[in-house]
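The values are calculated or read from the model by the stated rules, or taken from the named source; none is laboratory data. Computed from a predicted model, the values in this text were never measured in an experiment. Ideal geometry is used to build each Cβ from the backbone, glycine not excepted, and the neighbour counts take in all protein chains shown.
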């Protein structure tokens, strides 16, 4: 059984993480200081460093569990039986739903301290996961492309597809509708969007060069 001191320590850590999430989502990661997080959490500006050495450590604490959960969901969907196009649609819908369900933290999860999505060996663990997610998407997109598509074409297509997914998220990130309402109303539109994207990408790949 945990001691009272251990319980207090755990509560303090949870308060710090919750305060960081609130401030990051409302004001932006770069604008917030560790001192402000400590104040919001109700602890001293020295106590916060007992638990987290800097804001990047808090970014990791807030982002890693949800991103790893998304990774697991995508892997499960990709491992199911079905046509490549169906799998791509499934992970695309899962990605959009995840982002809209976490709309207040969306920028934190994917943009803060990010690197190029095709960087092979990112330094930080969060960027390793971000780039693995992009790698899963790239593989799923490639399975749907014309067989003659080379590695460069597949990466280009994946980037375009990725931009489109983020564009969809950005369109609805400030909506007053719940994620359930948005997905219920727009899932079919999203599926058609994916089909149009793939059609365009394959048309481009098979069109003779000028």
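Listed values, structure above:
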read-out: Boolean, residue 100 is touching a residue at least 60 places away in the same chain (Cβ under 8 Å), crowded, with 19+ Cβ neighbours inside 10 Å and under 26 Å from residue 194 (Cβ atoms); value: yes
read-out: Considering residues of the stretch 18-48 that are in a helix (DSSP H, G or I) and more than 27 Å from the chain's Cα centre (by Cα) only, the residue surrounded by the fewest Cβ atoms within 10 Å (Cβ to Cβ); value: 35
read-out: Residue that is farthest from the chain's Cα centre (by Cα) [pool: residues in the stretch 70-94 that are without any contact (Cβ under 8 Å) to a residue 12 or more places away in the chain, under 19 Å from residue 129 (Cβ atoms) and in a helix (DSSP H, G or I)]; value: 76
read-out: Test: residue 83 is closer than 24 Å to residue 202 by Cα and surrounded by fewer than 18 Cβ atoms within 10 Å (Cβ to Cβ); value: yes
read-out: Test for residue 15: is it surrounded by 14 or more Cβ atoms within 10 Å (Cβ to Cβ), modelled with pLDDT under 95, assigned to a helix (DSSP H, G or I) and outside the structural domain of residue 144 (by TED's automatic domain parsing); value: no
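Here's the yes/no breakdown for (1) without any contact (Cβ under 8 Å) to a residue 24 or more places away in the chain; (2) under 12 Å from residue 58 (Cα atoms):
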| position | (1), (2) |
| --- | --- |
| 4 | yes, no |
| 10 | yes, no |
| 24 | no, yes |
| 35 | yes, no |
| 42 | no, no |
